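Okay, so here's the structure we're looking at.
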Amino acid sequence: MLDLELSEEQQLLKDSADRFVERDYGFDVRRKAAATEDGFRRETWKQMAELGWLSVGMPEDQGGFGGAKDIAVLMESMGRGLVAEPYLANVVLAGSAVALAGSDDQRRTLLEPMMAGDLLLALAYAEPRSRYDLAHVATRAEKSGDSWTLNGTKGLVINGDTADRLIVSARTSGDDKDRDGLSLFVVDAGADGASMRAYPTNDGGRAAEVTLDHVSVDGDALLGAEGSAFAALEETIDRAAAAVCAESLGLMAVLNDLTLDYSKTREQFGQAIGSFQALQHRMVDMFVALEESRSLTTVYMPDVESDDITERQLAVSAMKVQCDKAGRTVGQEAIQLHGGIAMTDDYMASHYFKRLSVIHRLFGDVDWHLSRYADLTA
């Protein structure tokens, strides 16, 4: 039977994260963090490590704990705070890739310092022409003796500009769209031949384009078995898609609260706009969209860890479609009901709307997930 309640440990995690967002991570703190050169504050990152958050979802034998539901609890709270620190990039993306594909020694070498907040990781998997096709990889890795040489370009490496190590997908055999022949490599961000063009994203985050020009890595940089990384990469992206669904719940909740509060104070024709029945109906639609997403996410989140690949993918695609559609409804209604103030950089609503808009395109948009769901149920 599916347990819809939080365990004692998950409730403690939620309470800890909610207190942090409420007491220590106000909107002004977030704006200042996002405006720094790194796009986040390293002191806050270390604090998150001390609280144990960087260990959530990581293997227990490396000091981690919890799973997809625990990550969801944390991501929803981070969504409420619009947290800029790179939890998604380090733990959910790069950390998951290492945990799923790496050997025990590789996991120990990479994950333990990452969980301590001492090592920053980023996953470089997308390419300029790949869209959402994880197998569309033109980056090549050629073996020479005990080393490998990597050549290619990676796009939208989330928080790649601050990473110490990059987890790079590269083709060791096969054609550009083959699922077989994909491998993952650990590459020093400052390696000879590796160059990076960093840029801010629309939601106030950071990303980078990475070019690998005859980058040489040792044989032990290969994560797991040669040519068999696709399954691990696919599961990693499914985990990330589920995580941003949970994040969107926090984002939508804040937008709903902001809109409701604004409707009680903004007056038109001598009365608060919240007294107009037409606007009340629209705010009810926003609330319903959020609660539908919360219900579906609660039901399907445990399936993210299913050993049945089809069951996992169906669950992730169902969540992503619902949360993306709801995010668009809530975000657009919040902007409309606020009026011009919601489009200004000084007001919170615009930043939450931007993040929801970016999430809509991350790890597969509505059309892509609808197509995958249809294919899986055909």
Output the residues belonging to the stretch 19-42 that are under 20 Å from I158 (Cα atoms) and not hydrophobic (A, V, I, L, M, F, W, C). R30, R31, K32, T36, E37, D38, G39, R41, R42
Taking helices (runs of 4 or more DSSP H) that do not extend beyond the stretch 1-51, which have at least 1 residues that are over 30 Å from S295 (Cβ atoms) and basic (K, R)? 27-34, 42-50
Within the stretch 262-279, residues being at pLDDT below 75, in a helix (DSSP H, G or I) and surrounded by fewer than 17 Cβ atoms within 10 Å (Cβ to Cβ) number 4
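Would you call A122 assigned to a strand (DSSP E or B) and either outside the structural domain of G224 (by TED's automatic domain parsing) or at pLDDT 95 or above (or both)?
Yes, satisfied.
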Sort out which residues of the stretch 211-227 are of a type in the set (D, E) and not in a strand (DSSP E or B), and write them in order of number. D220, E226
Within the stretch 125-155, the residues that are on the phi > 0 side of the Ramachandran plot and assigned to a loop (DSSP other than H, G, I, E, B) are R131, G145
Has the stretch 191-210 got any residue that is assigned to a loop (DSSP other than H, G, I, E, B), among the aliphatic types (A, V, I, L, M), buried (at least 16 other Cβ atoms within 10 Å of the Cβ) and touching a Leu at 6+ places or on another chain (Cβ under 7 Å)? no
Selection from the stretch 30-60 of residues that are more than 25 Å from R107 (Cβ to Cβ) and surrounded by fewer than 16 Cβ atoms within 10 Å (Cβ to Cβ): K32, A35, T36, E37, E43
Within the stretch 276-321, track down each residue that is acidic (D, E), free of Cβ contacts under 8 Å to residues at least 60 places away in the same chain and farther than 19 Å from A374 by Cα. D285, E291, E292, D307
Set L222, L233, L251: member being in contact (Cβ under 8 Å) with a residue 12 or more places away in the chain, touching a Gly at 6+ places or on another chain (Cβ under 7 Å) and buried (at least 24 other Cβ atoms within 10 Å of the Cβ): L251
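The values are calculated or read from the model by the stated rules, or taken from the named source; none is laboratory data. Note that this is a predicted model, so its numbers are computed, not measured. FYI the Cβ positions are ideal-geometry reconstructions off the backbone, even for glycines, and counts take in every protein chain you see.
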